[in-house]
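The values are calculated or read from the model by the stated rules, or taken from the named source; none is laboratory data. From a predicted model like this one, the values you see are computed outputs, not experimental measurements. Quick reminder, even Gly has a Cβ in these numbers, built from the backbone with ideal geometry, and neighbours come from all protein chains shown.
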Amino acid sequence: MVELLLLFFGALVIAIAVTPVSKWLAPHVGVIARPRARDIHTQPVPKLGGLAILLGVLVMALMLGRRLEFQQFAAIVVAATLMSFMGLVDDRFNLNAYVKLVAQVGAAVMVYLFGVRVMMFSNPLLDALLTVVWIVGITNAMNMLDNMDGLLAGISAVISAFFLVLAVINGQYLVGLLSAAVLGACIGFLAWNLNPASVFMGDSGSMFLGFMLACVAIKLRFLGQSPAVSWLVPVIVMGLPIFDMTLVTLSRLRRGKNPLTSPGKDHTSHRIANHGFNRREAVMILYLACGALGIIAIIASVANVLANVIIAGALLVLGAYLLWFMEFGPWKLTTIDWEHSGPGARSGVLRPAPLPTEPINTSPS
């Protein structure tokens, strides 16, 4: 427990201290987020904050990771660092989406070969496929979620906090160590990233966090529970990024857009901010939703199979309703929604947009 506290506070201090350095360095290496039609910031913002998160996690994990199984620990650290580097290159040079996808698959295969793998089926090929799909999917879901000040860092902190609690309950040192380091680094970075943010983490931070948390989720195990239950718990904890990615993917496919290459203002956070809430309130609502899912996950980790079937069914029904509500129901997108989410949008309350009387083009400008 003492080591976990040291990890948390060490990563916290490093992130707080290094973030101003990353802000100073960003213009010198050309990593600046300039306002675009789909963005909500109106001024250029440094987006090298991922460096502070990376250093906070890696320095403390390497210092206090002596008791870990070296191969798996090294594989996760190396692969997540490579993801961060790829994100940094993307921030600077705008990599092709399919090049990034291939790199993500390669990193996921690497950690699988070193033992970080889903063990749900008796067929190794199915386990390998599920491992790669999970890691690549969560990495991209977390990257997509980085669309408002403080959103991804806060959600990552909430998720890692619940992973830390689950690890302590079940005596899992690897999960606890990495979760404590991620929690401290994210909270330290939030000191600079809350609305109005003075620095963004960029893809170097979002890719790192997504990959790291996906691997940590795979390593979760629960004493006396079946593999199906062990797999359900991290899915619930990470339910918010999974929901947001599902919503955005379905919405863009329905509008004839490629989800990988057609970013826009169609995320859960944007829809909340378009209907009676300002951006800070939208982010706080999503924090609370993620916290509620974490509490449900803890309950699921100690419940029997029947109770978990009920929990899973209820969450699926709720998720399906929210998808309908935000894509086809009262919160569906309109032209006014897109305009309100843009750089000229005010930071206060946004009025619900009227329903369109004719088909409109909702593709990002």
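Things to note:
- Selection over the stretch 158-192 of residues that are within 17 Å of P241 (Cβ to Cβ) and not aliphatic (A, V, I, L, M) gives a count of 5.
- Residue that is farthest from the chain's Cα centre (by Cα) [pool: residues in the stretch 195-249 that are farther than 23 Å from G50 by Cα and hydroxyl-bearing (S, T, Y)]: S226
- Taking the criterion of being charged (D, E, K, R) and either in contact (Cβ under 8 Å) with a residue 24 or more places away in the chain or on the phi > 0 side of the Ramachandran plot (or both), the residues of the stretch 121-149 that qualify are D146, D149.
- Any hit, the stretch 135-153, residues being within 21 Å of W231 (Cα to Cα), in a helix (DSSP H, G or I) and in contact with a Ser or Thr (Cβ under 8 Å, 6 or more places away or on another chain): yes
- Subset tally (residues that are outside any loop (DSSP other than H, G, I, E, B) and surrounded by fewer than 24 Cβ atoms within 10 Å (Cβ to Cβ)) for the stretch 188-217: 4
- Residue match in the stretch 170-182 (condition: closer than 26 Å to L333 by Cβ, modelled with pLDDT of 95 or more and crowded, with 23+ Cβ neighbours inside 10 Å): no
- Per-region count, the stretch 69-102, residues surrounded by fewer than 17 Cβ atoms within 10 Å (Cβ to Cβ), touching a residue at least 60 places away in the same chain (Cβ under 8 Å) and either more than 17 Å from G210 (Cβ to Cβ) or not small (G, A, S) (or both): 4
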